[in-house]
Protein chains: 2
Amino acid sequence: MAEPFVSEVVIERLPLYLRMLQFLEKEGKQVTSSQELAERLGFSSAQIRKDLSYFGEFGKQGTGYNVMFLQRQLRRILQIEQTRDMALIGVGDLGRALANYQGFLEQGFHLVALFDSAPQKIGMTVGGLTVQPMTELARVIQERKLQVVILAVPAQAAQQVANRLVELGVRAILNYAPITLSVPSDVRVYNIDPVIGLQSMAYYLK
Amino acid sequence: MAEPFVSEVVIERLPLYLRMLQFLEKEGKQVTSSQELAERLGFSSAQIRKDLSYFGEFGKQGTGYNVMFLQRQLRRILQIEQTRDMALIGVGDLGRALANYQGFLEQGFHLVALFDSAPQKIGMTVGGLTVQPMTELARVIQERKLQVVILAVPAQAAQQVANRLVELGVRAILNYAPITLSVPSDVRVYNIDPVIGLQSMAYYLK
DNA sequence: TAGATTGTTAATCGATTAACAATC
DNA sequence: TAGATTGTTAATCGATTAACAATC
């Protein structure tokens, strides 16, 4: 089942399909259709069928998709069948909220280490984890082979920390710092900046 | 200066241009070019010039763009010259972090009201604001004519609250709940869900 | 002037959708 | 069987980029 190249816009929709399938499962639905998914998600049914078709045939004509089966397939495609360990850097207000967030583990992402550069924060316990100094970063990331890091440090520190993460072999950065990071093309960055969202929505306000 | 229809993908890049211009300003740059912006942002220079061209001519041949001038133009285009008031609904860990975040006000978005449905949270002070009960929501939103709301409630409450916001005339929702909201097409929703980011990045991990 | 960079056009590239044969 | 829905093709639509005249 060799997958062809699939564009990033397609990949970014797959987690939305998965989330909707989980929602439908909770509603008690065992079967769904591209049309139902489309209506709920605000996409077209053709787009959903096309997106899935890059990876295989998961439905039955006349019937639709089995909710649990399609969930499993999406998890396999996204490589999230196994729980992945992550580190979080920056234990400010936001970092603490993230360290306490249950949704990561529920969706297979396990926070296993916290780091901060402020001496007064070292040793604090947040979300069941002890805040470690940045001097421990290299050791922990390498020993635990962490590929995913959540970056919640101030903007002016973010690029420098990102550079270190790249050197340590980190492959995916969930970036909460309000800055465009420069990283090699084999490292993924997903940016979360609420201000960007507010500013783009403001365009549409009268 | 009537603007033609400009697609959403273009609008969503404008805040990134603005953020980069602010960064260049801090570096002391007074002038920049589409090429410099492109390199720093990871876009093509043609794309940047094209995006800006939908709204006017802001550069000088041979020279480039005046950093401050282009900032002002982008703020005008995005309608963020005036500070906008916002409400925040849901004062959990994340809500508290958001209420304390200085970045909103720095970028012209002013949090003026907090709401929560939990009786034990009512009256608490967070980020200088007092948490109000949901029974006050309609009054406050209408009296203060709030168009922008940050939604940080649990997933199972989010759609219901969103429905109320739509009825109250809210035009833009910054949605932190991990759910696809259904709203009329004249209401903007910007979703912030870190799990979606992690799941899409996982696809690229070996 | 010579060099640099814009704004814009036209071509290219890529994503979305309509439509339908296949088939459950 | 009749009705429904998939998977896929081909057409359409839209976004990106290369190229360059204009001009600072």
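The values are calculated or read from the model by the stated rules, or taken from the named source; none is laboratory data. Fair warning: this is a prediction, and the values are worked out from it, not measured in the lab. In this analysis, Cβ positions are derived from the backbone assuming ideal geometry, glycine residues included, and neighbour counts consider all displayed protein chains. Please note that ligands, DNA and RNA were not included when accessible areas were found on the heavy atoms of the full protein model with its side chains. Shrake-Rupley method; radii C 1.70, N 1.55, O 1.52, S 1.80 Å.
Roughly how big is the B-A contact, given as buried accessible area in Å² (both sides, 1.4 Å probe, nearest 100)? Adding both sides of the contact gives about 5400 Å². The rotation axis bringing chain A onto chain B passes closest to the chain A residue reported with its distance as A:Ala97, 2, by C-beta distance in whole Å.
Pairs of Lys residues in chain B, spaced 8 or more positions apart or belonging to different chains, with C-alpha separations under 23 angstrom: 4 in total. If you wrap the tightest convex hull around every Cα atom of chain B and split its volume per residue, you get 162 Å³. Each copy carries a label point for B:Thr135 at 7 Å from Cα along the beta-carbon vector; from one copy to the others these points are 5.6 nm apart, nearest first.
D by Stokes-Einstein for the protein assembly as shown, Kirkwood Rh over Cα pairs, 37 °C, 0.692 mPa s: 143 µm²/s. Shielding of peptide B:182-195 by partners, expressed as the average count of other chain Cβ atoms within 10 Å per residue Cβ, is 5. What the Cβ-Cβ distance of A:Ser185 and B:Ala157 gives, at R0 = 51 Å and to the nearest 0.05, is a FRET efficiency of 0.80.
Relative contact order for chain B: what percent, with Cα pairs under 8 Å and sequence separation of 6 or more?
Working: 269 pairs, mean separation 27.5, N = 206.
Once normalised by length, the contact order is 13 percent.
What separates the B:Asp85 label point from its copies, with the point 7 Å along Cα to Cβ, is 5.0 nm, written shortest first. Stokes-Einstein diffusion for segment A:8-78 at 25 °C, viscosity 0.890 mPa s, with a Kirkwood radius from C-alpha pairs, works out to 206 µm²/s.
How high is the FRET efficiency between A:Leu205 and B:Glu57 when r is their beta carbon distance and R₀ equals 30 Å, given to the nearest 0.05? Could the numbers behind the result be given before it?
Numbers: r = 25 Å, r/R0 = 0.84.
According to the calculation, E is roughly 0.75.
How much of the DSSP bridge set in segment B:84-196 is antiparallel, in percent, rounded to the nearest 5?
Values: 2 of 23 bridges.
Counting DSSP beta bridges with both partners in segment B:84-196, the antiparallel share is about 10 percent.
Per-residue mean of foreign Cβ neighbours for B:13-19 is 5 (Cβ atoms of other chains, 10 Å radius).
Starting from 0.36 nm per residue, how many nanometres of slack lie between B:Val31 and B:Leu105 once their C-alpha separation is accounted for? Gain on extension, B:Val31 to B:Leu105, equals 24.0 nm.
Determine, from the Cβ-Cβ distance of B:Arg76 and A:Glu8 and an R0 of 41 Å, the FRET efficiency 1/(1 + (r/R0)^6), rounded to the nearest 0.05. List each step's numbers first, then the result.
Values: r = 31 Å, r/R0 = 0.77.
According to the calculation, E is roughly 0.85.
For the peptide A:80-93, the mean number of other protein chain Cβ atoms found within 10 angstrom of a residue's Cβ is 2. With each label modelled as a point 7 angstrom along the Cα→C-beta vector, the B:Glu167-A:Glu39 pair spans 2.3 nm.
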